[in-house]
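The block underneath contains the structure these notes are about, expressed in structure tokens.
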Amino acid sequence: MRYRTLGKLPVSAIGLGAMPLSLEGRPDEKRALATVHAALDAGVTLLDTADSYHLPGAEPGHNERLLARALATYGGDTSGVLVATKGGRGRPAGGDWTVNGSPRHLKGAAEASRKRLGVEAIGLYQLHKPDPAVPFEESVGALRELLDAGTIRLAGVSNADADQIRRAREILGDRLVSVQNRYSPAVRSSEPELRLCAELGLAFLPWSPLGGLARSSLDGPSRTEGADRFAAFHAVAAERGVSPQRVGLAWLLARSPAVIPIPGASRPETARDSAAAADLLLSAEEQARLDEAAEPGPIAVDPGRQSTSS
């Protein structure tokens, strides 16, 4: 496993997005724990979660409690594992995602997340999404108060634009360490935010990093969104004898040293395959082929800015 820097902390170049372990279609707990353990066995030290990763209308925090159990039951050393969670979204009955960035809510949510994770302080706490009903500075100000109180150690923002990242940096200084936006071969609208993160020394954590590629091709031929457009990822994968998903993650890593993808997984095999992307180094020729495939025209609009997910 290769490593990258989040703040001043070394973390695995590939993280694990734990969301699929708690939403609709989730695996049973035995397989979910095995999936997290497989990622840890493969050297993953960054686990991404949120208090809103649960079934609609259910009690918040299912995913956080699951990760806490996974770490508690893991047989190896977990002292270097960073759990990143998020607050500011909800999933009431009906399945719609809500946004609440009020300082009162965020401070209460962070404390509840801390208890569910069973830690003295949350390693990385991120504003899940800017709330249009709350001044952005007030939401980020709540993160500053949580940092000052010792409830969280590091802070980040998610689904934020370049202006919001700059404003968050002004408020939090070097305690702002990450930006978690949607970015993948299919969705490139956060390119300006990625460039800004590299400039400011912030980690850029792409969510849904395999957009355009099937979730998994380990059981047979891979399904794609726009097979013709992303054929190069499958061609390189066939030449290398690996999955298109592993190639996609390696391509993301090559985009910038700031990038730390957090692909989701719901099976141990998928978690191991994603982690192996950290050691897949693409040639300049392969990188050029993939760049061309991922950018056939204008950068796609990011539906995550208005979407009901991550």
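The values are calculated or read from the model by the stated rules, or taken from the named source; none is laboratory data. These figures come from a predicted structure and were not determined experimentally. Cβ sites come from the backbone with ideal geometry, for glycine too, and all protein chains shown count toward neighbours. These area figures cover heavy atoms from the full protein model, side chains too; ligands, DNA and RNA do not enter into them. Shrake-Rupley method; radii C 1.70, N 1.55, O 1.52, S 1.80 Å.
Taking amide H as placed 1.01 Å from N in the peptide plane, Leu46 has its amide H under 5 Å from the amide H of Ser12, Leu16, Leu82, each at least 5 places away in sequence or on another chain. Residues in the range 9-32, backbone N under 20 Å from the label point at Gln287 (7 Å along the Cα-to-beta-carbon vector): list them, ranges by number please. Output list for this probe position: 13-15. Dividing the convex hull volume of the alpha-carbon atoms in the chain by its residue count gives 123 Å³ per residue. Compared with the dominant Cα axis of the chain, that is its longest principal axis, helix 244-255 is turned about 70°.
In the range 17-122, a dipole from Cβ-located charges (positive for Lys and Arg, negative for Asp and Glu) runs towards its positive end, and of Ala38, Gly95, Asn63 it is Gly95 whose Cα lies farthest in that direction.
Each Lys and Arg contributes +1 and each Asp and Glu -1, all at the Cβ; summed about the Cα centre of the chain, the dipole is approximately 520 debye. Averaged over its residues, the chain has an accessible area of 40 Å² per residue, based on protein heavy atoms and a 1.4 Å probe. The gain in end-to-end length when the Thr98 to Lys115 segment is fully stretched comes to 3.9 nm, 0.36 nm per residue minus the alpha carbon separation.
Against the chain, whose longest principal axis is taken from its Cα atoms, helix 62-73 shows a tilt of about 80°.
Here the range 17-143 is treated as a sphere whose radius is the Kirkwood value from Cα pairs; by Stokes-Einstein at 25 °C and 0.890 mPa s it diffuses with a coefficient of 164 µm²/s. Among the listed pairs Lys30/Lys86; Lys8/Lys86; Lys30/Lys115; Lys86/Lys129, those with a Cα-Cα distance over 18 Å are Lys30/Lys86; Lys8/Lys86; Lys30/Lys115.
Taking every DSSP bridge with both residues inside the chain, close to 25 percent are antiparallel. The amide H of Trp97, built 1.01 Å from its N in the peptide plane, has no neighbour under 5 Å, considering only residues 5 or more places off or on other chains.
Against the chain, whose longest principal axis comes from its Cα atoms, helix 231-240 is set at around 70 degrees.
Of the solvent-accessible surface of the chain, computed with a 1.4 Å probe and all protein chains present, 50% belongs to carbon and sulfur.
Taken as Cα centroids, the range 149-215 and the range 1-36 sit 18 Å apart, rounded to the nearest whole angstrom.
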